[in-house]
Amino acid sequence: MHATETFPPPLLALAGFSKSFAGFKALDRVDFSLRAGEIHALLGENGAGKSTLIKAMTGVVQRDAGSLRLDGVEIAPRSAEEAVRAGIATVYQEVNLAPNLSVAQNLFLGRQPTRFGLVREGEMRRRARALLSEFGLAIDVSAPLESYSVAVQHIVAIARAVDQSARVLILDEPTASLDAHEVEVLFAVMRQLSARGIGIVFVTHFLDQVYAICDRITVLRNGRLAGSAPVDELPRLDLVRLMLGRELSEATSRRPPASEGEAPADVARFRGVGKAGTIAPFDLTLRAGHVVGLAGLLGSGRTETVRLVFGADRADCGAVEVAGRAVSIGSPREAMALGFGYCPEERKTEGIVAELTVRENIALALQARRGALSPLSRREQDALAAKFIGLLDIRPPDPERPVGLLSGGNQQKVLLARWLATAPRLLILDEPTRGIDVGAHAEIIGLIRDLCREGMALLVVSSELEELVTYADEVVVLRDRAHVARLSGAEIEVSTILATIADAPASLAAA
Amino acid sequence: ADMTIGFSQIGSESGWRAAETTVSKAEAAKRNITFKIADAQQKQENQIKAIRSFVAQGVDAIFLAPVVATGWDSVLKEAQEAKIPVVLLDRDIDPAGKDLYLTAVTSDSVHEGKVAGEWLVKTVAGKPCNVVELQGTVGASVATNRKKGFEDGIAGASNVKIVRSQTGDFTRAKGKEVMESFIKAEGGGKNICAVYAHNDDMMVGAIQAMKEAGLKPGTEVLTVSIDAVPDIFKAMAAGEANATVELTPNMAGPAFDAIIAFKEKGTVPPKWIQTESKLYTQADNPMAVYESKKDLGY
Amino acid sequence: MIRSLSRLSPVLATAAVFLAGFVVCSLIYPNFASLRVVMNLLTDNAFLVIVAVGMTFVIISGGIDLSVGSVIGFTTVFLALAIERWGVPPLAAFVLILVICAAFGAGMGAIIQYFELPPFIVTLAGMFLARGVSFLLSTESLPITADLYAHLSDHAFRFDGGARLTVPAMIMLVVVVGGMVLLHLTRFGANVYALGGSRTATGLMGINVARTTVLIYTLSSVLAGLAGIVFSLYTSSGYSLSAVGVELDAIAAVVIGGTLLSGGYGFIFGSFLGVMIQGLIQTYISFDGMLSSWWAKIATGLLLFAFIAFQQLTLHLARRSRRAPAGVHP
Amino acid sequence: MAVRLPRIGTAQIVALGLILVANWIVSPQFFDIRVQDGRLFGSLIDVFNRGAPVALLSIGMVLVIAMRGIDLSVGAVMAICGAIAASLADSHSLPVVLAAALGAGLLCGLWNGLLVAVLGIQPIVATLILMVAGRGIAQLITEGRIVTFTSPDLAFLGGGSVLGLPTPVVLTLGMMALTLLLVRGTALGLMIEATGGNPRASALAGIGTRLITVAVYVWSGLCAALAGIVASADILGADANNAGLWLELDAILAVVIGGTSLFGGRFSILLAVVGAFIIQAMNTGILLSGFPPETNLVVKAVVVLTVLLAQSPRLGGHLAGLGVLFSRSKSGGKRR
Ligand SMILES: Nc1ncnc2c1ncn2[C@@H]1O[C@H](COP(=O)(O)OP(=O)(O)OP(=O)(O)O)[C@@H](O)[C@H]1O
Ligand SMILES: Nc1ncnc2c1ncn2[C@@H]1O[C@H](COP(=O)(O)OP(=O)(O)OP(=O)(O)O)[C@@H](O)[C@H]1O
Ligand SMILES: [Mg+2]
Ligand SMILES: [Mg+2]
């Protein structure tokens, strides 16, 4: 393919990048080039090596071989610090900021405005507000970063990198936790930067976004360069084939309308459940074989809703009925005893246990439900791990690998496996497809449908409305931490949902 | 006498120290003195704090059992400015501070070591004798002095040699552990003729170690230690220990008398009231001594 | 702004606890509520506060420094020998020891950083080493008779009723203010917090983690050295067994002051208050004076418990209206 | 492919071996073992016998640390339980004595656990309270004296032997086996590692983190109680002033030498115990060497640092890197 470009000379050129982890080849002689002013998509399946390539580029991971030229000059940054000094700013895949520092400190850490060596707090906050307003974010910049949702944190990380980038800006899945509106804002900023001649590397699993903004695409597969081409020379189907190395079994059609007639049994009914200052009291009915989707802008209270349902936060009003019996859900344990499962949104801090192996992470919830004194035998654990590694195509298929060493998307699958293993009556998924590649995406959607068919009740939070409409039987729209509308049947269309959401003030400033 | 005296005690690190505290309280009660004890948990800084707070409380006199010899100048000057007399108990301080306290009631720990050494020299009577030494806590002045005194005591006798010397931290457990390794390192203990321990507690541990190794302390291996706590007399009565040098726990008694005389009659006591360093051996009816000592709070 | 105030609530709770304790003590002992007692608290705990300031940096960065007590001991012995035996002028000896301490701290920091070893153990080895070297230097307690020492230990602002603001107390106050400026108002301070929040993230944000780590341990050791100088002024002597166990007192003070041992949160002023609370407990016990050694220990523990439980309660009440902060787990 | 050594535990076992060899160099009779009164007798046996209390402590400590906690009170708990055992020994039967002492340890652990899990106090301060007060309680029991006893039953736990092995060693092995059975034979071990690794995620996965926290501190209290009984039985008396003094640091050191991170997560009981014996081997070596005691700490510092450096992931990385280089140059040689 377009292996050699002679003109114009690339801004950034990587040649022969290789990297192995304990014998496992994560990168195998990868070449990559980025031109000034270009927005270059770096694509590939989960675990293809995108993040590793980026880290090897910026010196966060020491590469085994390969050379790197910036403006034709060979450079070899040995740490993120040196990369930044060379003019390469990066947003790494997981939000990588200091959660305990204020938003403003996070934006300017290491380059705060100072006078006589003292940080000028006021000036820094002013600049922080100005910078964030470019992204349509008006928040208290002196509050600790961790008091905001992942999405806000991600925008802060992007803003920091954008503000730092002199020559090259690398964004590793920046849009995973953003909603349509934020994505638009981000794209506007990216276009502005590329117009200034800054080269941008953009990693994403949303192919729409690739075609919306990118100039060129490079695809990695299993650590190797699979191909590189200008966007207009690589139509969608070819791209998918290039990424997967096979055809995609298309699963993204509308779900068949639920068969009328027999009304499915109620699994759980929530009446007037709410928590002051968090989410207004809401009603919610979850039925066997039914998917309820939660849609809304960032911070609209979706996560809060599901946390109350699962007992991760304690509701201060309302009544809950499970299988016709009045219950109270005061803790995740109680919810699990009722047959609930919950895949949280923040997989790093609330989901995976990084040190433990894939097998152990998968077994964790099931084990917790059975109690410490009736341990799953090693054989049962192995069987469980093998089953879900196969079912969800977790890569590498090594049950004994610590989960922390898996790529982001594969971590998400492990998390899903943990809850599927408990065979819950009600499964709550908060952004289940975040960071998952196209192939796996289709598989997970297929899986959600299968689970439905088997009679599981599902409650799904998703920012991807196209996806939501393919499987939801009912969509609840949230706005300003309250449930504002319930759509069902023919109302479940992206445009209807958008319109319902749009009744709300579009800005995030509402909070 | 109707007075309040503050006592900055080092801590409660050993039976002897507990006995000193108990005896001091009893002596104070005998004389109708309000006696405030501040326990410093082995820290000089705590003792300084305690003295400051005694000064702040306006006590009539301060007793100090200094954990180290140096570093008392400024706080004692404060006491002096507040016109509160200070009496040192059990240990002395650096000579530079001589005019900062009224008197010191102490034994001479170099002398104690010397008494022990001289006893050993006399007992072995010219026969060659390899001694192993169980030192007190490294850096503690008592340990340094008792070591020095013992070395002085055996200086004249070339037949008596210290072959091994390790710290047993003044405790039974460490004394036992160190003795165990001495026995191994000295050919199963056959080369050891005598054990010298800087306190009785370590010796009690060492005696156990010797017994467990099949040695016969008190006969095969001579023992000499310092403090004269009740348990060593039990061992002596059983023929497992040979000698101990007494360090009396009653330092406060003479100190109270000196203070009362000073306050009531203005009698200035001598700078040093030395307590006796009495040697006890198996010949001194150890069981009787044990009985007399066992209720003193050791 | 409410959010920033609520971040301060551990310090406010600690301050409230301290004041309440002081009032209670004053009600029990009439002599207690005097300037003299307050000044004594400052002087007697000066070296501990200085160490605690350094420890605050270390703990906020997610580390720990167990070597500080031994460094104090080493410093006092070194100063005594240098000034009295080797004839080094006191001021030169001060500079010399601070340089040695800096090198020592930098060494520990470098080992922690480059060999990826847990700070607890590296500094524990540092603790053995510093104490061991002071034993090798001298096991005796050595008086320091230099004029400067006599002068400095006599020098003090005197107030009515025998209260004195001494040189150690003044040095301590300067260190507290300096520490607050450094931690809360400089880039270095922000980096320290960032390290405690997330080490990897800090590296990814382009902060030189290695340099910051080395600097933090250097700072801690230098402050321990300074505390050693203050200690030697306080006692006019050097002794290899001085300040044993001070590291635990300092850590406790820092944690009582509202700093999280897991790193990322904390305040210098809280640590100062933490030391003061401990000092208050000791002063109370020595004012009482009727407690036997063991009852004194039990009382210390119970008072510590009472203070912490009260602090916890205050925090709980302050927090009740707000959303529970993320990430704080016992 | 370069041959890879089993990663887990190699460093610790090599370290223990090297220190034992060093001991043999400073003291040639180190490995001599003879039978004395039906009990094995020799320096090597001493290492295990003297190391028993710290090994016992480290069994409890490793669990606490795996949960992201720390237990500073173990030394004081040792003193309390030793004091109780010694004061009851001559007037009560052994089962009563043991029940009382172990029960006290259990209560101490419960107190720590409640402070940490229920009141939410940071572990280091929570256990500091008992570290300070506990020593006082122990002294209160003995009134600051060394309480001696003559009961041969209790004495057997310190100085006796089972099949030639000193009782403390047997007790340690027994306690280790019991603990292994409890945490590895059930899912407790997994839950402890999960909670230590990510408490929030574990709570959301339905693990009863509070209960486990309390249980772990209780276990640490029990281990400390047993260590205290052994220490008392050894010297036929309770020395409340000094029993277990500073041993909490040794126990923590043992755990860390055993490769468990102070930030919780993965743990190894076996290696923690090996860590305890490494420390004791070093101490015994120092005693045997005949160096003046002033040098003890310096030697200790150097040895600890060396053991740690040998374990450093970085150093391991360098070695692995060498291995890769080596294998690569070989295969490269073939290709050309
Ligand atoms: N530190 C590490 N140690 C061992 N293996 C690693 C390490 N980091 C990454 N890997 C492995 O390298 C492979 C590539 O991972 P990488 O994170 O680059 O994937 P990715 O393309 O970014 O995937 P995703 O889309 O899911 O983010 C994965 O199989 C991962 O398990
Ligand atoms: N724009 C914003 N301004 C201020 N705070 C916000 C904003 N967005 C989110 N937050 C904070 O983040 C918290 C998370 O909100 P929540 O998790 O309920 O959002 P959500 O609807 O689940 O959205 P998402 O999960 O997509 O981020 C909110 O409670 C709020 O404190
Ligand atoms: Mg990635
Ligand atoms: Mg959410």
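The values are calculated or read from the model by the stated rules, or taken from the named source; none is laboratory data. In this text the structure is predicted, and so the values were computed from the model without any measurement. Cβ sites come from the backbone with ideal geometry, for glycine too, and all protein chains shown count toward neighbours. These area figures cover heavy atoms from the full protein model, side chains too; ligands, DNA and RNA do not enter into them. Shrake-Rupley method; radii C 1.70, N 1.55, O 1.52, S 1.80 Å.
Of the numbered conditions (1) part of a helix (DSSP H, G or I); (2) under 28 Å from residue C:93 (Cβ atoms); (3) open to solvent by 20 Å² or more (accessible area, probe 1.4 Å), residue C:234 fails exactly one; give the number of that condition.
Going through the list (1) part of a helix (DSSP H, G or I); (2) under 28 Å from residue C:93 (Cβ atoms); (3) open to solvent by 20 Å² or more (accessible area, probe 1.4 Å), residue C:234 breaks only (3).
Among A:154, A:205, which is modelled with pLDDT under 90, more than 22 Å from residue A:137 (Cα to Cα) and of a type outside the set (D, E, K, R)? Don't jump to the end; show me each part of the working.
Numbers: A:154 fails: more than 22 Å from residue A:137 (Cα to Cα).
After ruling out the rest, the residue left standing is A:205.
What tally of residues in the range A:180-205 results from selecting those that are within 17 Å of residue A:465 (Cβ to Cβ), within 16 Å of ligand 2 (Cβ to nearest atom) and either buried (at least 21 other Cβ atoms within 10 Å of the Cβ) or not acidic (Asp, Glu) (or both)?
4
Within the range C:294-303, how many residues are buried (at least 23 other Cβ atoms within 10 Å of the Cβ) and among the aliphatic types (A, V, I, L, M)?
1
With the condition kept exactly as written, say whether any residue in the range A:295-306 is under 24 Å from residue A:445 (Cβ atoms) and either away from ligand 4 (no atom under 16 Å from the Cβ) or acidic (Asp, Glu) (or both). Talk me through it step by step, then tell me what you get.
At the first step, the residues of the range A:295-306 found to be under 24 Å from residue A:445 (Cβ atoms) are A:295-298, A:300, A:302-303, A:305-306.
Still in the running and either away from ligand 4 (no atom under 16 Å from the Cβ) or acidic (Asp, Glu) (or both): none.
No: the range A:295-306 contains no residue that is under 24 Å from residue A:445 (Cβ atoms) and either away from ligand 4 (no atom under 16 Å from the Cβ) or acidic (Asp, Glu) (or both).
Given A:444, A:436, which one is within 16 Å of ligand 1 (Cβ to nearest atom), in contact with a helix residue (DSSP H, G or I) (Cβ under 8 Å, 6 or more places away or on another chain), at pLDDT below 90 and part of a helix (DSSP H, G or I)? So that I can check it myself, show each step before the final result.
Numbers: A:436 fails: part of a helix (DSSP H, G or I).
Answer to the selection: A:444.
On the basis of being of a type in the set (Asp, Glu) and either farther than 30 Å from residue B:60 by Cβ or touching a strand residue (DSSP E or B) at 6+ places or on another chain (Cβ under 7 Å) (or both), does residue B:257 make the cut?
Values: of a type in the set (Asp, Glu): yes; either farther than 30 Å from residue B:60 by Cβ or touching a strand residue (DSSP E or B) at 6+ places or on another chain (Cβ under 7 Å) (or both): no.
No.
Kindly state which helices (runs of 4 or more DSSP H) lie completely within the range D:146-223 and contain at least 3 residues that are facing chain A (nearest Cβ under 9 Å), closer than 27 Å to residue A:352 by Cβ and open to solvent by 10 Å² or more (accessible area, probe 1.4 Å).
D:188-197, D:199-204
How about the range A:24-67: which of its residues are more than 12 Å from ligand 1 (Cβ to nearest atom), assigned to a strand (DSSP E or B) and out of contact with any Pro (no Cβ under 8 Å at 6 or more places or on another chain)?
Result: A:29, A:31, A:32, A:39, A:40, A:41, A:65, A:66, A:67.
Among the residues of the range B:155-193, which ones are more than 9 Å from chain D (Cβ to nearest Cβ) and closer than 22 Å to residue D:28 by Cα?
B:162, B:179, B:183, B:186, B:189, B:190, B:191, B:192, B:193
Residue under question is residue C:23, and the condition is that it be away from chain A (no Cβ under 14 Å), farther than 30 Å from residue C:107 by Cβ and surrounded by fewer than 24 Cβ atoms within 10 Å (Cβ to Cβ); does it hold? Write out each step before concluding.
Details: away from chain A (no Cβ under 14 Å): yes; farther than 30 Å from residue C:107 by Cβ: yes; surrounded by fewer than 24 Cβ atoms within 10 Å (Cβ to Cβ): yes.
For residue C:23, the condition - away from chain A (no Cβ under 14 Å), farther than 30 Å from residue C:107 by Cβ and surrounded by fewer than 24 Cβ atoms within 10 Å (Cβ to Cβ) - is met.
Within the range A:340-356, take every residue that is touching a strand residue (DSSP E or B) at 6+ places or on another chain (Cβ under 9 Å) and open to solvent by 10 Å² or more (accessible area, probe 1.4 Å) and give me the one that is farthest from the other protein chains (Cβ to nearest Cβ).
Once the filter is applied, the top-ranked residue is A:345.
I'd like the full set of residues that are more than 16 Å from residue D:157 (Cβ to Cβ), more than 7 Å from chain C (Cβ to nearest Cβ) and not in a helix (DSSP H, G or I), limited to the range D:86-137.
D:91, D:118
Considering A:472, A:442, which residue is open to solvent by less than 30 Å² (accessible area, probe 1.4 Å), away from ligand 4 (no atom under 16 Å from the Cβ) and within 17 Å of residue A:294 (Cα to Cα)?
It is A:472.
Within the set of pairs 6 or more residues apart or between chains, which connect a residue that is more than 9 Å from every other protein chain (Cβ to nearest Cβ) inside the range A:87-107 to a residue that is within 16 Å of ligand 3 (Cβ to nearest atom) and polar (S, T, N, Q) with Cβ atoms less than 9 Å apart?
A:88/A:58; A:93/A:51; A:93/A:407
Is there a residue in the range A:489-505 that is at pLDDT below 85, of a type in the set (Ser, Thr, Tyr), open to solvent by 10 Å² or more (accessible area, probe 1.4 Å) and away from ligand 1 (no atom under 16 Å from the Cβ)?
No, because not a single residue in the range A:489-505 is at pLDDT below 85, of a type in the set (Ser, Thr, Tyr), open to solvent by 10 Å² or more (accessible area, probe 1.4 Å) and away from ligand 1 (no atom under 16 Å from the Cβ).
Going by the structure shown, is residue A:165 surrounded by fewer than 19 Cβ atoms within 10 Å (Cβ to Cβ), away from ligand 4 (no atom under 16 Å from the Cβ) and over 19 Å from the mean Cα position of the chain (by Cα)?
On the way: surrounded by fewer than 19 Cβ atoms within 10 Å (Cβ to Cβ): no; away from ligand 4 (no atom under 16 Å from the Cβ): yes; over 19 Å from the mean Cα position of the chain (by Cα): yes.
No: the conditions fail for residue A:165.
Of everything in the range C:114-137 that's of a type outside the set (A, V, I, L, M, F, W, C) and assigned to a helix (DSSP H, G or I), which residue is farthest from the other protein chains (Cβ to nearest Cβ)? Reasoning before the result, please.
Of the range C:114-137, the ones of a type outside the set (A, V, I, L, M, F, W, C) are C:114, C:116, C:118-119, C:123, C:126, C:131-132, C:134.
Retained after the next criterion (residues that are assigned to a helix (DSSP H, G or I)): C:114, C:119, C:123, C:126, C:131-132, C:134.
Values: C:114: 6, C:119: 9, C:123: 11, C:126: 7, C:131: 5, C:132: 3, C:134: 8 Å.
Per the criteria, the residue is C:123.
Just checking: which of the helices (runs of 4 or more DSSP H) contained wholly in the range C:8-80 hold 3 or more residues that are over 25 Å from residue C:217 (Cβ atoms)? Write out each step before concluding.
On the way: elements: C:9-28, C:35-44, C:46-60, C:68-80.
Once the helices (runs of 4 or more DSSP H) in the range C:8-80 are filtered for at least 3 residues that are over 25 Å from residue C:217 (Cβ atoms), what remains is C:9-28, C:35-44.
Just name the residue that is least open to solvent (accessible area, probe 1.4 Å) out of those in the range B:10-59 that are more than 7 Å from chain C (Cβ to nearest Cβ) and in a strand (DSSP E or B).
Checking each candidate, the answer is B:35.
Let me spell it out: the conditions are (1) at pLDDT below 95; (2) of a type outside the set (Val, Ile, Thr); (3) surrounded by fewer than 24 Cβ atoms within 10 Å (Cβ to Cβ), and residue D:244 meets all of them except one. Which number is the exception?
So the condition that residue D:244 fails would be (3).
Just one of C:227, C:194 is within 14 Å of chain B (Cβ to nearest Cβ) and at pLDDT 90 or above; which is it?
On the way: C:194 fails: within 14 Å of chain B (Cβ to nearest Cβ).
C:227 is the lone residue from the list that is within 14 Å of chain B (Cβ to nearest Cβ) and at pLDDT 90 or above.
Any chance you could count how many residues in the range C:138-173 are outside any helix (DSSP H, G or I), under 19 Å from residue B:76 (Cβ atoms) and among the hydroxyl-bearing types (Ser, Thr, Tyr)?
Residues of the range C:138-173 outside any helix (DSSP H, G or I): C:138-146, C:155-159, C:163-166.
Retained after the next criterion (residues that are under 19 Å from residue B:76 (Cβ atoms)): C:141-146, C:155-156, C:158, C:163-164, C:166.
From what is left, the residues that are among the hydroxyl-bearing types (Ser, Thr, Tyr) are C:141, C:145, C:166.
Total satisfying the criteria: 3.
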